[in-house]
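Note sheet for the following structure.
Each value in this text was obtained by applying a stated rule to the coordinates, not by laboratory testing. Predicted, not measured: the structure shown is a model, and the values here were computed from it. Backbone-built Cβ (ideal geometry, glycine too); neighbour counts: all protein chains shown.
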Amino acid sequence: MKIFDLAGKVALVTGGNGGIGLGMAEGLARAGAEVMIAARDARKSKAAAARLAKLGPGADWIATDVADPASCRAMVKATLARFGRIDILVNNAGINIRKPPETYAIEEWQRIIGINLTGAFLCAQACHPALKRRGGKVINIGSMTSLFGASFAAPYGASKGGIMQLTKALASAWAKDDIQVNCVLPGWIDTDLTKRARQDVPTLHDSVLRRTPAGRWGKPGDFAGIAVFLASAASDFVTGAAIAVDGGYSAQG
Ligand code: NDP
């Protein structure tokens, strides 16, 4: 369908070399977008770009640390040099350190906030001049911890609560530039991030199955559709929204 068509568009996906980011990047590539992957691990990024290049019109990768303002600026420069434009930014890069709140070192707190929240802000700010040239889309990644308290992940929850408010602020500020900014709230998804959590908490696997009305863990491919919707003309009057992709997790009391 034409309103979902991304032919001629360029998408920049932070942390797009695996997990949810790659699931979104695959959707965008299949819908016709050229995709730039921005993450730290060169081996994973190279493999992801090769896979995306087979699904769509073209893909590449750039080594990026989203917590570093200079690296975010270099990421934008490299994307413009390679593809000539940026229409879609997916702020997906994220990390977690699970422990009781009273035990975090300040460096741990700052590292999580620096990547998950400040990193999303830095990337959005660096992309703004390119996005406003033709109108554009920013897709931020929140979490169920944007909505619910996570006793085991205070800085992560703070970063994901913050990204929902950042989404609303950018949506309000940049509507005049025809830039729509939305936030996706994943439920429990089977990725490297949650594999570590499952190792730490052996009961987690079954408790997610019990707590999720859909009765399963999400998979990266579940994010292809929402990525295409929020990146395409189909969502041109949707901005500042937080959309759960969670198998009903947040719908159940
Ligand atoms: P992954 O660990 O598979 O993906 C995280 C990605 O972020 C990796 O590609 C990693 O690449 C990248 N990344 C981490 N730090 C940086 C950095 N400083 N600069 C650039 N890239 C970075 O986990 P998920 O796919 O699960 O996570 C993706 C997003 O989804 C995160 O924001 C996460 O918080 C969120 N989320 C995940 C949920 C889940 O259940 N899995 C639930 C709710 C939200 P590299 O190491 O190469 O830099």
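Of the residues 106, 112, the single one that is among the hydrophobic types (A, V, I, L, M, F, W, C), over 20 Å from residue 11 (Cβ atoms) and within 12 Å of the ligand (Cβ to nearest atom) is 112. For region 7-19, what are the residues that are part of a loop (DSSP other than H, G, I, E, B) and either closer than 26 Å to residue 190 by Cβ or within 13 Å of the ligand (Cβ to nearest atom) (or both)? Passing the criteria: 15, 16, 17, 18. Does residue 194 qualify as being within 8 Å of the ligand (Cβ to nearest atom), under 25 Å from residue 12 (Cβ atoms) and out of contact with any helix residue (DSSP H, G or I) (no Cβ under 7 Å at 6 or more places or on another chain)? Yes, satisfied.
In the set 175, 169, 231, only one residue is away from the ligand (no atom under 16 Å from the Cβ) and without any contact (Cβ under 8 Å) to a residue 60 or more places away in the chain; that residue is 169. For region 132-164, the tally of residues that are more than 13 Å from the ligand (Cβ to nearest atom) and touching a helix residue (DSSP H, G or I) at 6+ places or on another chain (Cβ under 6 Å) stands at 4. Tell me yes or no: at least one residue of region 20-35 is buried (at least 21 other Cβ atoms within 10 Å of the Cβ), over 26 Å from residue 195 (Cα atoms) and within 14 Å of the ligand (Cβ to nearest atom). Scanning region 20-35 turns up at least one residue that is buried (at least 21 other Cβ atoms within 10 Å of the Cβ), over 26 Å from residue 195 (Cα atoms) and within 14 Å of the ligand (Cβ to nearest atom). Filtering 96, 116 for residues that are surrounded by 24 or more Cβ atoms within 10 Å (Cβ to Cβ) and polar (S, T, N, Q) leaves a single hit, 116. Taking into account only those residues within region 180-190 that are without any contact (Cβ under 8 Å) to a residue 60 or more places away in the chain and surrounded by 20 or more Cβ atoms within 10 Å (Cβ to Cβ), which is farthest from residue 244 (Cα to Cα)? So the residue we want is 180.
Of the helices (runs of 4 or more DSSP H) lying entirely inside region 191-244, those containing at least 2 residues that are exposed (fewer than 13 other Cβ atoms within 10 Å of the Cβ) are 192-200, 204-211. Only one of the numbered conditions (1) of a type in the set (A, V, I, L, M); (2) surrounded by fewer than 20 Cβ atoms within 10 Å (Cβ to Cβ); (3) touching a residue at least 60 places away in the same chain (Cβ under 8 Å) is not met by residue 89, and that is (2). Residues of region 49-58 that are within 16 Å of the ligand (Cβ to nearest atom) and out of contact with any Phe, Trp or Tyr (no Cβ under 7 Å at 6 or more places or on another chain): 50, 51, 52.
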